[in-house]
1. Over all residues in A:306-319, what is the mean tally of Cβ atoms on other chains that come within 10 Å of each residue's Cβ?
2. Compute the length gained on full extension between residue B:151 and residue B:468: take 0.36 nm times their separation in residues and subtract their Cα-Cα distance, giving the result in nm to one decimal.
3. Kindly express, to the nearest 10 degrees and within the range 0 to 90, the angle between helix B:64-76's C-alpha long axis and the longest C-alpha principal axis of chain B.
4. Separation of the stretch B:1-56 and the stretch A:252-277 by C-alpha centroid, Å?
5. Once the piece of chain linking residue B:265 and residue B:343 is laid out straight, how much longer is it, given 0.36 nm per residue of separation minus the C-alpha distance between them?
6. Take peptide B:177-184, look around each residue's Cβ out to 10 angstrom, count Cβ atoms belonging to other protein chains, and average those counts.
7. Please report the relative contact order for the stretch B:366-476, taking Cα pairs under 8 Å with a sequence separation of at least 6, and give it as a percent rounded to a whole number.
8. Would the protein assembly as shown count as rounded, prolate or oblate if I go by the C-alpha gyration tensor, calling it rounded below 1.5 in a/c and otherwise prolate when a/b exceeds b/c, oblate otherwise?
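Throughout, read-outs are computed from the coordinates displayed, never taken from laboratory work. Keep in mind that what you see is a predicted model, and the values were worked out from it rather than measured. As a convention, Cβ positions derive from the backbone with ideal geometry for all residues, glycine included, and neighbour counts pool all protein chains shown.
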């Protein structure tokens, strides 16, 4: 007797029929109406031929109808895939072709032309429904289906989000109901989501960072408010009007909001301060974040500790658990883990070998048992039989008082294959020596990881925020 | 990728290997040792022939080994049944025969004679292991088995607790991993269980009220402390020594503790005050409590609101949902619900008809959507086509200022079959009239439920706390 998200909506409808579930522009959907709308939508989807395992692409911006589509899809065992409409036409074409949807719910306003331009990427029999002019009449036309709920399987994929894979092609991560349910419970446990919450869906819903808070608010019985895309003034206006208690907002938006609201025109006082826990390590393939930092009892590891019912290990390249202090790949088990990548059996098998989800992210367990996330595993230095992750050595060197910036690279070595070189930007007036930096490393990480040569420089070449290792002239 | 409780123990062992998981007398089991012990125990059980679905009876008092048995059983797909050793020999014999266990882990100390006296109730091939002298050597003798964990099914029964059924025979309620996991998450969400908790298992572990807090503490990474049975002084001593933060204690024990510790000999200051939520409605068949009262925002209904991922309805005898204000049977859906009663297919089908677990408890949804629990459905008055639950009418009359005590019974009526009679003990000096009480009822519950006759009396006959309806001379 597992429950679906529609069951959850029914519970809220039984308790609070006139409570507002979803707000989107002029649409205000109360719980009692939401249940009826989703039942009709499920009926309409059945009539269109949707069956278990079918992909339903959402080619629109943030909207309450995406949530209705998710609830109806779960009822039918289908999978919803929100498209990243900000991608290039080529990228969107790749994703549409790869997803191979039975049905596309698309948006005419603002992004309609972009979407229609790539329509040819889907099969000819794919059904296209414009949510901003055909959707509501569809709900009116179809009686709800009689479907048994007793056979619901929460391990079946429900949400597909595309993420960068490691062969250059995006891959659709298939998130089952169990993952989204656990994330919703985490939202209640670690972010305090409750029935009096009003959450502004300002981040894009093709990203797991927004979606997990949406579902937490939904399961807790709060109100989800949707804004098509992030615009500082519009965000301020909606927070004021709807008395939003939380929102997914990035620093640039927050700065623009502060700037635009200097005259205090909008009342943003409904937003609640952050609570006791902050997010630690997460991934699309985990449906969101799975480790949390308790700020009242701060752990040594920057990513904190796993939430309940999650296993995390740090393993070497043979899958053996490493002792605390050693950097290795972060691997995860538990209900949060996706079922795999859409139509990528080899990638799925490779990333789920030994019964663990391999994150391809580098981490370390600290002495207190908490986890530090170091970064993507990408680069590795091979020195004799040892694997050295430059990220780990950089993180260590960065804590030295004379170091302003640092890049660690591997340089060819006739004896060891490669050895570690530190390229350092010193803080003003400082002039760290190799011996000094080696001592610093030896006290903190395994001795074989310490740099064996040192280059001092004025600045490191960068691409955006990231160091451009190619341009350092020393490839790893 | 669902997790077992042993996986959870492994996560705690990875984070906090020397942290104390279980304390029982002189035994202190740290997380790292617990994992190894359970793996060995699972191996020993395999050698004894335990397979999926087998029942393993725990015929002992509270002990850390019961938790180890549960973890090992989950690994093998077996079911643990803690016996109520306080029952009469006949009751224990019935339960032992009904459970039909592959293996009994029994306790020689204190209750050994009682247990041995009923040994004949099990099949001759049943394996009996005395936990207080054979268990530890068993762990030493057996290497841990190689078992795949990827096929773990959290819908499989794991814990069997006997509960009163409605045909006079106790029935074994089969609780799956999903129910116990949800209860553990509820313990974190609503009781604030955390990794620094030290929970004293003072209530009996054959009762779901203790078990759910044990598992919450376990999943949160806290310490469980076991005491064989409740004795006020021993409880005080352990709270002092172990710095317990919580305990399952009933009012008589609390009174005895306060009495025995008047000189402040024991420091009980580690016990934490109750938090924001208090328990609402629960049942063995739900693995514990599924509704919670938010004391910071008190609901109208005494049982509060369902926790996340739980559906509750109030239904009439045809399974139709009732409007708020009408009393009916409380029915529940969700992961908390048991899989059914051991070897009672008809009872299981009857109690799970229409896809809902029928609690046989009477409740009402209030205007704010919250739930009131009125009591067991037992008695019903049939008046024409209407069903009237005396409990509901009694609860209403009890709120009248002139009423000190009340019993509502059905009396034969030539026109209606039965009509409602109120037997009232007035408060000192008051003399309520029938018309007055009828007005009171009409304003609060459906008019047809009001009493049509009134008897005033000095006291109601009781059996213990319950009214003895038989002795009122008026059967329902």
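1. Numbers: counts 6, 2, 14, 12, 4, 7, 3, 3, 1, 0, 0, 0, 0, 0.
Counting Cβ atoms of other protein chains within 10 Å of each residue's Cβ and averaging gives 4.
2. Roughly 108.9 nm would be gained on extension.
3. Taking the Cα atoms of chain B, the angle to B:64-76 is about 80 degrees.
4. Value for the Cα centre distance between the two parts: 49 Å.
5. Value of the extension gain: 23.0 nm.
6. If you average over the peptide's residues, the count of other-chain Cβ atoms is 1.
7. Here the relative contact order equals 24 percent.
8. Cα axes put the protein assembly as shown in the oblate bin.
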